[in-house]
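Read through the structure below, which is laid out as C-alpha cells, and then see the notes.
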Amino acid sequence: MSKPKVFVARKMATEALETIASATEMELWAGELPPPRDVYLQKVRDIDGLLSILTDKIDAEIMDASPRLKVVSNMAVGFDNIDVPAATSRGILVGNTPGVLTETTADFAFTLLMAAARRVVEGDKYTRRGDWKTWGPMILLGYDVHHATLGIIGSGRIGMEMAKRARGFDMKVLYHDVVRRKPEEEAALGLEYVPNLEELLSRADFVTVHVPLTADTHHMISTREFAAMKPTAVLVNSARGPVVDPKALYEALKSGQIFAAGLDVTDPEPIPMDDPLLTLDNIVIAPHIASGSVATRTKMANMAAANLLAGLKGELPPNCVNPEVLQK
Ligand code: DGY
C-alpha cells in the first residue's frame, strides 16, 4: 500500500522529521523563510496531511487546493492562523501542541518583564555605545519587580505559570479572565480575581497578557486600557501581537503614559523596520521566541508529528482542536 503524502512546511527537530518520514512520503520545505503563497498552494495539491507552523495562513483556499487533505497539524499551541470552522466543515482534523511549551513560555515572559522593568537592553546598548563613564546614583533607574503587583490577563496554563513565578518574587497577583478559576486554585496560587479589566490595569505594576487571539481579544489593550494603567507600569505580551493595538502602545510609551513594554509578538510579524515602536528605548522586542528552548521545540515537533500521523490513520490526534470531525 502506498504511503500517505505529507508536506512539512518548515525544518524542525530531526527526531520528529524522522518519525514522519518513516511513515509517510514526506516533502519538507527546507527554507527558513516560508514558502510563497503560490508555492504553498501548489505543495498541498495532492497531500493527505500538512504540518504547518504558526505563520502559515491555512484558510479555505488552501483546503480547497488540497482535496485529499485529512489533517492539518500546527506546530503551536495557538491556532489563530487556521480557519478551524472551514477545516471542520471539510472533515479536516486540526491538531495543536498545548502543554509542552507552558513553562518555557512563562520563563521568557518573565524575562521580558524583568528586562523591561530593569532596562537591561537599554543598559547593554549604553555600555556598547561607550556611555558608561562612571557609576551614577541616577543612571538607568528602573522599577522593582519584587513586592510589586502583577496583573495577569488570561488564566490559562501560561498565565498560571506566571503566577507561580511571581510568588517567588513576593508579588501580589491579580488576574482577569472571562471565567473565574476555582477557589482552591486561587488559594493555592494566592490569586485575586478582578472581574473588571480596567480595575486590574489601574492596580497592576506589571500587566502580562496570556489570551488567545480571537475577534473578542483583538486590540483588547488599546488607548482606553493604556489610560487606565499606571505611569510606572510595564506591559508584557507573549500571546499574539494583535491583542495589543500597536499604535496605542506607541503613544502610551512615547508619552510616558506607561513606563515600558516587553513584547515577544508584534502586529504584524515580523515587525517592519520602519515601525515607530523600534524608535523607542523603553521597549524590548523579541522575535517570537518565547517557546524557543531546544527541549521545548523538540517536544512541540514530536507532538505535531504524533498529531499528524494519528490524523492520517483516521484516528483522533492526541491534541485535536476539532474532535467533532470524527464524531460526525
Ligand atoms: C504557540 O505555540 O502558539 C507559540 O506562540 C509558539 O511560541
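Please determine whether any residue of the range 49-68 is within 30 Å of V234 (Cα to Cα) and of a type in the set (S, T, Y). Checked against the condition, which is being within 30 Å of V234 (Cα to Cα) and of a type in the set (S, T, Y), the range 49-68 yields at least one hit.
The C-beta contact set for the range 273-300 (first residue not assigned by TED's automatic domain parsing to the domain that holds A115, second residue part of a loop (DSSP other than H, G, I, E, B) and away from the ligand (no atom under 11 Å from the Cβ), distance under 6 angstrom, 6+ apart or interchain) comprises T298/A13.
When R45, R37 are screened for being surrounded by fewer than 17 Cβ atoms within 10 Å (Cβ to Cβ), basic (K, R) and under 26 Å from the mean Cα position of the chain (by Cα), only R37 passes.
One line per residue, one yes/no per condition, for (1) outside the structural domain of A76 (by TED's automatic domain parsing); (2) within 14 Å of the ligand (Cβ to nearest atom); (3) at negative phi:
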residue: L253; (1), (2), (3): yes, no, yes
residue: G256; (1), (2), (3): yes, no, no
residue: A305; (1), (2), (3): no, no, yes
residue: L309; (1), (2), (3): no, no, yes
residue: L312; (1), (2), (3): no, no, yes
residue: N319; (1), (2), (3): no, yes, yes
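Filter the range 231-249 down to residues that are more than 16 Å from the ligand (Cβ to nearest atom) and either among the polar types (S, T, N, Q) or surrounded by fewer than 18 Cβ atoms within 10 Å (Cβ to Cβ) (or both), then give me how many there are.
Let us first name the residues in the range 231-249 that are more than 16 Å from the ligand (Cβ to nearest atom), namely 231-235, 245-249.
Cutting the leftovers down to either among the polar types (S, T, N, Q) or surrounded by fewer than 18 Cβ atoms within 10 Å (Cβ to Cβ) (or both) gives us 231-232, 247.
Count: 3.
Please count how many residues of the range 260-307 are crowded, with 16+ Cβ neighbours inside 10 Å and part of a helix (DSSP H, G or I). So the count comes out to 13. Of all residue pairs spaced 6 or more apart or on separate chains, those with beta-carbon atoms under 8 Å, a first member in the range 63-75 that is within 15 Å of G95 (Cα to Cα) and in contact (Cβ under 8 Å) with a residue 60 or more places away in the chain and a second member that is within 16 Å of the ligand (Cβ to nearest atom) and of a type in the set (K, R) are M75/R10. Taking the listed residues H218, H146, the one that is surrounded by fewer than 24 Cβ atoms within 10 Å (Cβ to Cβ) and more than 17 Å from T111 (Cα to Cα) is H218, with no other qualifying. Being part of a helix (DSSP H, G or I), modelled with pLDDT of 95 or more and touching a Lys or Arg at 6+ places or on another chain (Cβ under 9 Å), is that true of even one residue in the range 242-251? Looking through the range 242-251, at least one residue is part of a helix (DSSP H, G or I), modelled with pLDDT of 95 or more and touching a Lys or Arg at 6+ places or on another chain (Cβ under 9 Å). For the criterion of being within 16 Å of the ligand (Cβ to nearest atom), within 20 Å of C320 (Cα to Cα) and not in a helix (DSSP H, G or I), L54 passes. The number of residues in the range 1-29 being at pLDDT 95 or above, assigned to a loop (DSSP other than H, G, I, E, B) and of a type in the set (A, V, I, L, M, F, W, C) comes to 4. Under the condition of being crowded, with 21+ Cβ neighbours inside 10 Å, within 16 Å of the ligand (Cβ to nearest atom) and part of a loop (DSSP other than H, G, I, E, B), the residues counted in the range 77-99 number 4. Taken together, the criteria place V145 among residues that are in contact (Cβ under 8 Å) with a residue 24 or more places away in the chain, touching a helix residue (DSSP H, G or I) at 6+ places or on another chain (Cβ under 7 Å) and not in a helix (DSSP H, G or I). Whenever a residue of the range 178-189 is assigned by TED's automatic domain parsing to the domain that holds G154, its partners that are among the polar types (S, T, N, Q), lying with C-beta atoms within less than 6 angstrom and at least six residues away or across chains, give the pairs R181/S155.
Among the residues of the range 266-279, is there at least one that is within 15 Å of the ligand (Cβ to nearest atom) and among the hydroxyl-bearing types (S, T, Y)? Within the range 266-279, one or more residues are within 15 Å of the ligand (Cβ to nearest atom) and among the hydroxyl-bearing types (S, T, Y).
The values are calculated or read from the model by the stated rules, or taken from the named source; none is laboratory data. Computed from a predicted structure; not experimentally measured. Here the Cβ is made from the backbone with ideal geometry for all residues, glycine too, and neighbour counts use every protein chain on show.
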